[in-house]
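Worksheet: the structure to be examined is printed underneath.
The values are calculated or read from the model by the stated rules, or taken from the named source; none is laboratory data. Since this is a predicted model, take the numbers as computed values, not measurements. Quick reminder, even Gly has a Cβ in these numbers, built from the backbone with ideal geometry, and neighbours come from all protein chains shown. When the accessible area is computed, the model is the full protein with side chains, heavy atoms only, and any ligands, DNA or RNA have been set aside. Shrake-Rupley method; radii C 1.70, N 1.55, O 1.52, S 1.80 Å.
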Amino acid sequence: MPIDILMPALSPTMEEGKLAKWLKKEGDQVKAGDIIAEIETDKATMEVEAVDEGVLAKILVADGTENVAVNTPIGIIAADGEDVSKAAAADPAKINPAVPAPAAEAPKQEAAVAASADAPAASKPDTVPAQAKAYDASSEFPAGAEIVSMTVREALRDAMAEEMRRDKDVFVMGEEVAEYQGAYKVTQGLLQEFGAKRVIDTPITEHGFAGVGVGAALSGLKPIVEFMTFNFAMQAIDQIINSAAKTLYMSGGQMGCPIVFRGPNGAAARVAAQHSHDYAAWYSNVPGLKVVVPYSASDAKGLLKSAIRDPNPVIFLENEIMYGKSFDLPKGDDFLVPIGKAKVVRPGTDVTIVSFGIGMNYALGAAEALAKDGIEAEVIDLRTIRPMDIETVVASVQKTNRCVAVEEGFPQSGVTAEIGMRIMEAAFDYLDAPVARVTGKDVPMPYAANLEKLALPNIGEVVAAAKAVCYR
Amino acid sequence: MRDSVLAKVFAILYNKGRMTLEDRLMAVAARKSKAPAQSKSAGKPARARSAKDGAGKAGPALSNTPTFTKEEDLHAYREMLLIRRFEEKAGQMYGMGLIGGFCHLYIGQEAVVIGMQMASKDGDQVITGYRDHGHMLACGMESRGVMAELTGRRGGYSRGKGGSMHMFSREKNFYGGHGIVGAQVSLGTGLAFADWYRGDNTVSLTYFGDGAANQGQVYESFNMAQLWKLPVVFVIENNRYAMGTAVNRASAQTDFSRRGASFGIPGEQVDGMDVRAVRDAALRAIEHARSGKGPYILEMQTYRYRGHSMSDPAKYRSKDEVQRMREEHDPIEQVRARLVREFKIGEDELKAIDAKVREIVNDAAEFATHDPEPDPSELFTDILLEPAQG
């Protein structure tokens, strides 16, 4: 059957071009790959190759023709002796019936997307019901469990050890995690219990070992990749975002990536700008990731266990200053905290203070101070930044009508910016004051002790913000 | 001795960028029969053809060219032709606007992936960069599913959400399809890590190009792979141009087989236009990796006929160069000539193979043209997996 040669598109944006020159003439034999013509666009001159063999039976668009639309038949290739009139070009209706006309198609598509957004609840960004309901964390501790006091460091270690005992596909890798027992001693004892095959010291090579971890996860293992600090994960962020977070979607659901990236995040003390960055907002921007930031030891343990069991990539942001702090938690290896649920840690009626991770120190400190002035703050620990349990926050705001959001990270495009926007979307009518935020200052972290203190939030700022939204 | 002298001359000329590609291929052909130098100890850089290793052992240069049986040549012919015709069709469909975005064709490089696959076993994993259609077909993925992904339709391997550069098949152990240059090298090393962790005796075949070979994470991966003796074969497809930049304009060391030297990873240069040479080298490399000796580097000297992507006017090389490669080194024509000359395969039989391949490709194109686009609800699926309960 004769075959039309169509004006090709050289790029997704090309709509027309000039047929500069035919390099074959009618009657010439051509075979696949032969260059038969040159076309020009404003960007380049390109060669048109024959895709089939036969005779160039007819030239439909002459040399030098300008503004030839993409997909216009420009010639016909036929087998020897074939009747050229049978080519589709002889019948315009037959030309490329399947090529969609983009302009006509677009509105229909948009309408369809809009319609579908109303349909499956799980498939679109979280919405908050008109009467929001707070998540009840009170039943997370198993009834009757023995309560013990433990540091965040020990809780994290126990979480990893318990999950490694439970599932042989779980392993931990990172710098100094094995023989050194962890740069911050979080992996203490794991090498002794699980051996060098499952507790792996890596070279100082974040980009590389993050990629190795993701590759292992794509093949079904469940790596825990420790970064000595998340500042160093900047070297690995391509593998975290482009490989870990996106591959499930890009594979049409085939390639899950069950991996945990964990380590200290944010400011420690006197380590200056390159070792103090808080990445919660960065990772929370990326679909395909879960982002967990525990505050207490019980949440650190219960959430890390959930993260290790989760089939998705989880960014688990710890804080060096919190490692040595002790909290109560239930004994036993069946204690889990669900990812994506906030916790009301202090009930109150006058103002909602919402924070996460080390920011909870300021939130809780401020609540105590405010109580002395007769203001009862309800304090919410987000615990997970993505997916964000905004419903629990909104439920609180519907009661208090005021909100202060607190984080150590930078103000612009920060987590508190997101919280404020989400409250406005879901509870605007309930607000008696604009949502306020207290954040780290918009400067690289300074080294000098006095400047560092100024760069971080403090309890006084949270108290002042809370009083401001209460108009007191 | 002849080989070693030749190798030296070659290295000098090539490193100065004065050698034509043809000269290089001849040089490779002249020494390709030699077994590679194995890394005797971790500290000793290994080379495929150091002067020392070649001394006294070299026979007549071309007498040891690996041979194929008739069945092997027929298999290679069919498989390579499928890739060639598939890619030609993809190029055509791109021109018609059915395929969007970026589309990188594998035409000219077919012998690399087919020769490698002829040496691999079931369960071995394959991972590559964005010029990936050939690898998918070589892994046994369906033409229909690959083409429908190129056209962004629901029957594509990624249900239309990945496109040309992002396709996967867990069933066929194909791990992508990666759009970030070099990222697949760490990922492929991770696949090998999993092989090592599980002890299941499989090997990761990790492909990347001469351009990706300059990325930092490649060397991070080399280091870990050799340190932990991971079963990975690094296949560097040197097609001479990283997009529009010729190898000697971007690389201080243009002998890619030596890129693992400082880690003690053995490597060899292979005539990547000759499927027999590829299979031969692949057998050595894969055996090395599978037997627990760690990674191995194969530099496949190959050539892409088409532009880097569809919108590449290819002004960085002469038409003459492309034409000479096509006429004198085409991987498919080499096999075809052998089938006719040595195995007395008739034109009719070859035509029947051609027809069969065309039928598969046309069927794929037809399917990919008429298969519906993904349902709009697909926009919000496959972002996260549901955790198992308990």
Quiz prompt | Count of segment B:278-319 residues which are part of a helix (DSSP H, G or I), touching a residue at least 40 places away in the same chain (Cβ under 8 Å) and over 20 Å from B:Asp132 (Cα atoms) | solution = 9
Quiz item: Are any residues in segment B:358-379 at the interface with another protein chain (Cβ under 7 Å from one of its Cβ atoms), surrounded by 18 or more Cβ atoms within 10 Å (Cβ to Cβ) and either of a type in the set (Phe, Trp, Tyr) or over 12 Å from B:Leu98 (Cα atoms) (or both), and if so, which ones?
Solution: B:Pro376
Quiz item: Of the residues in segment A:7-32, how many are modelled with pLDDT under 85 and over 41 Å from the mean Cα position of the chain (by Cα)?
Solution: 2
Practice problem: With respect to B:Gly244, determine if the residue is modelled with pLDDT of 95 or more and either open to solvent by 20 Å² or more (accessible area, probe 1.4 Å) or within 14 Å of another protein chain (Cβ to nearest Cβ) (or both). | Solution: no
Exercise. Just name the residue that is nearest to the other protein chains (Cβ to nearest Cβ) out of those in segment B:63-96 that are modelled with pLDDT of 90 or more and assigned to a loop (DSSP other than H, G, I, E, B).
Key: B:Phe68
Quiz prompt | Residue identified as open to solvent by 30 Å² or more (accessible area, probe 1.4 Å), modelled with pLDDT under 80, under 50 Å from the mean Cα position of the chain (by Cα) and within 14 Å of another protein chain (Cβ to nearest Cβ) among A:Ile95, A:Ile35 | solution = A:Ile95
Quiz item: Of the residues B:Val233, B:Val275, which single one is touching a residue at least 24 places away in the same chain (Cβ under 8 Å) and either over 26 Å from B:Ala194 (Cβ atoms) or of a type in the set (D, E, K, R) (or both)?
Solution: B:Val275
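Let's see how each residue does on (1) polar (S, T, N, Q); (2) in contact (Cβ under 8 Å) with a residue 24 or more places away in the chain; (3) in the same structural domain as A:Ala280 (by TED's automatic domain parsing):
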position: A:Gly302; (1), (2), (3): no, yes, yes
position: A:Pro311; (1), (2), (3): no, yes, yes
position: A:Tyr323; (1), (2), (3): no, yes, yes
position: A:Val351; (1), (2), (3): no, yes, no
position: A:Ala363; (1), (2), (3): no, yes, no
position: A:Ala371; (1), (2), (3): no, no, no
position: A:Val379; (1), (2), (3): no, yes, no
position: A:Asp389; (1), (2), (3): no, yes, no
position: A:Ser413; (1), (2), (3): yes, yes, no
Quiz item: Taking the stated definitions as given, is B:Met147 open to solvent by 30 Å² or more (accessible area, probe 1.4 Å), within 19 Å of B:Ile83 (Cβ to Cβ), among the aliphatic types (A, V, I, L, M) and at pLDDT 95 or above?
Solution: no
Quiz item: Has segment B:208-229 got any residue that is in a loop (DSSP other than H, G, I, E, B), open to solvent by less than 20 Å² (accessible area, probe 1.4 Å), over 18 Å from B:His178 (Cβ atoms) and out of contact with any strand residue (DSSP E or B) (no Cβ under 6 Å at 6 or more places or on another chain)?
Solution: no
Quiz prompt | Residue list for segment B:140-168, filter: of a type in the set (Ser, Thr, Tyr), more than 10 Å from chain A (Cβ to nearest Cβ) and either farther than 25 Å from B:Tyr77 by Cβ or under 16 Å from the mean Cα position of the chain (by Cα) (or both) | solution = B:Ser164
Self-check item: Scope segment A:238-270; condition open to solvent by 30 Å² or more (accessible area, probe 1.4 Å) and modelled with pLDDT under 95; matching residues
Solution: A:Ala269, A:Arg270
Quiz prompt | Sole exception among (1) within 9 Å of another protein chain (Cβ to nearest Cβ); (2) within 22 Å of A:Phe171 (Cα to Cα); (3) outside any helix (DSSP H, G or I); (4) open to solvent by 10 Å² or more (accessible area, probe 1.4 Å) for A:Ser306, by number | solution = (3)
Quiz item: Can you name every residue in segment A:203-219 that is at the interface with chain B (Cβ under 7 Å from one of its Cβ atoms) and not in a helix (DSSP H, G or I)?
Solution: A:Pro203, A:Thr205, A:Ser219
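A quick yes/no check of all residues on (1) assigned by TED's automatic domain parsing to the domain that holds B:Phe174; (2) touching a Ser or Thr at 6+ places or on another chain (Cβ under 7 Å); (3) among the small types (Gly, Ala, Ser); (4) surrounded by fewer than 24 Cβ atoms within 10 Å (Cβ to Cβ):
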| residue | (1), (2), (3), (4) |
| --- | --- |
| B:Asp122 | yes, no, no, yes |
| B:Val126 | yes, no, no, no |
| B:Gly134 | yes, no, yes, no |
| B:Thr151 | yes, yes, no, no |
| B:Gly156 | yes, no, yes, no |
Quiz item: When segment A:50-62 is examined, which residues are found to be within 18 Å of A:Asp34 (Cα to Cα) and away from chain B (no Cβ under 14 Å)?
Solution: A:Val55, A:Leu56, A:Ala57, A:Lys58, A:Ile59
Quiz item: Regarding A:Ala267, is this residue small (Gly, Ala, Ser), more than 10 Å from every other protein chain (Cβ to nearest Cβ), touching a residue at least 60 places away in the same chain (Cβ under 8 Å) and in a loop (DSSP other than H, G, I, E, B)?
Solution: yes
Practice problem: Find the residue count for segment B:176-191, including only residues that are part of a helix (DSSP H, G or I) and at the interface with another protein chain (Cβ under 8 Å from one of its Cβ atoms). | Solution: 8
Quiz item: So which strands (runs of 3 or more DSSP E) stay within segment A:384-447 end to end and still have 2 or more residues that are at pLDDT 95 or above, more than 15 Å from A:Asn285 (Cα to Cα) and touching a strand residue (DSSP E or B) at 6+ places or on another chain (Cβ under 7 Å)?
Solution: A:403-406, A:436-438
Quiz item: Out of all the residues in segment B:107-139, which are touching a helix residue (DSSP H, G or I) at 6+ places or on another chain (Cβ under 8 Å), within 14 Å of chain A (Cβ to nearest Cβ) and not hydrophobic (A, V, I, L, M, F, W, C)?
Solution: B:Gly108, B:Glu110, B:Asp124, B:Gln125, B:Thr128, B:Gly129
Quiz item: Restricting the search to segment A:54-70, which residues are open to solvent by 70 Å² or more (accessible area, probe 1.4 Å) and either modelled with pLDDT under 80 or of a type outside the set (D, E, K, R) (or both)?
Solution: A:Leu60, A:Asn67
Quiz prompt | Positions within segment A:271-287 being surrounded by fewer than 24 Cβ atoms within 10 Å (Cβ to Cβ) and not in a helix (DSSP H, G or I), in sequence order | solution = A:Val271, A:Ala272, A:His277, A:Tyr279, A:Asn285, A:Val286, A:Pro287
Quiz item: So which of A:Arg153, A:Arg165, A:Arg157 ends up being more than 27 Å from the chain's Cα centre (by Cα) and not in a strand (DSSP E or B)?
Solution: A:Arg165
